[in-house]
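Report on one structure; see the data block that follows.
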Amino acid sequence: MRRAQNSVQPAEMKLASDDAQEFETAFRQVSRSAFLLARQVGRGTEEAKDIVQEAAMRGWRYRAGRTGEFRPWFLAIVYRLSCQRTLAWVPLPFGWDRPAPDSFGSAMDPDLLAALRELPTRQRAALWLRYCDDLTVTDVARIMSCSEAAAKQLLLRGRDALRLRLPPRL
């Protein structure tokens, strides 16, 4: 899962201006990762889409205050929105169809996905950002609003918990 040291991630671009085209390009490059992060924090497909859309609006609104790379800055917005409690919506009137089952699929090992879902939200998010999104520990800490030491501790505890939950393989 790790990339070579010299690889360049296209979403790590820095925006030089308030140009809408540059923002859209950077957003398109990070939107899939943002969606998957919201899913890993425990949101359904539709909620995750709404969170990414809300994060894009907030990102555009507060783009002038951004410092550093676009990718960790944007994923931090998505993470914060994903961790907020959702509003209780008005129930559907009687007779309306229930929502369709979640059709989101993954190419990851089903045992690994099941074990990840059993982890606490913060450990799951830290592991996802570090190993599936290939971010540095510094970026994980920044996104999750914690120190690097705390991020390393989350990663350590998450890996240990996964080892206990996953069957041994040869």
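The values are calculated or read from the model by the stated rules, or taken from the named source; none is laboratory data. For clarity, every value in this text was computed on a predicted model and none was experimentally measured. Cβ placement follows ideal geometry from the backbone for every residue including glycine, while neighbour counts extend to all protein chains displayed. We work out accessible area using only protein heavy atoms, side chains counted, and drop any ligands, DNA or RNA first. Shrake-Rupley method; radii C 1.70, N 1.55, O 1.52, S 1.80 Å.
A few notes on this one:
- Candidate set from the stretch 21-50 (those that are of a type in the set (A, V, I, L, M) and more than 20 Å from C146 (Cβ to Cβ)); member that is nearest to the chain's Cα centre (by Cα): L36
- When the residues of the stretch 108-122 are filtered to those that are within 17 Å of L155 (Cβ to Cβ) and open to solvent by less than 30 Å² (accessible area, probe 1.4 Å), the one that is farthest from the chain's Cα centre (by Cα) is A115.
- Where helices (runs of 4 or more DSSP H) fall entirely within the stretch 101-170, those with at least 2 residues that are farther than 21 Å from C83 by Cβ are at 110-118, 148-165.
- Answer residue from the stretch 51-75, given it is closer than 20 Å to T136 by Cβ and crowded, with 21+ Cβ neighbours inside 10 Å and is farthest from the chain's Cα centre (by Cα) among those: F70
- Whenever a residue of the stretch 137-150 is over 12 Å from Q123 (Cβ atoms), its partners that are in a helix (DSSP H, G or I) and among the aromatic types (F, W, Y), lying with C-beta atoms within less than 6 angstrom and at least six residues away or across chains, give the pairs I143/Y79.
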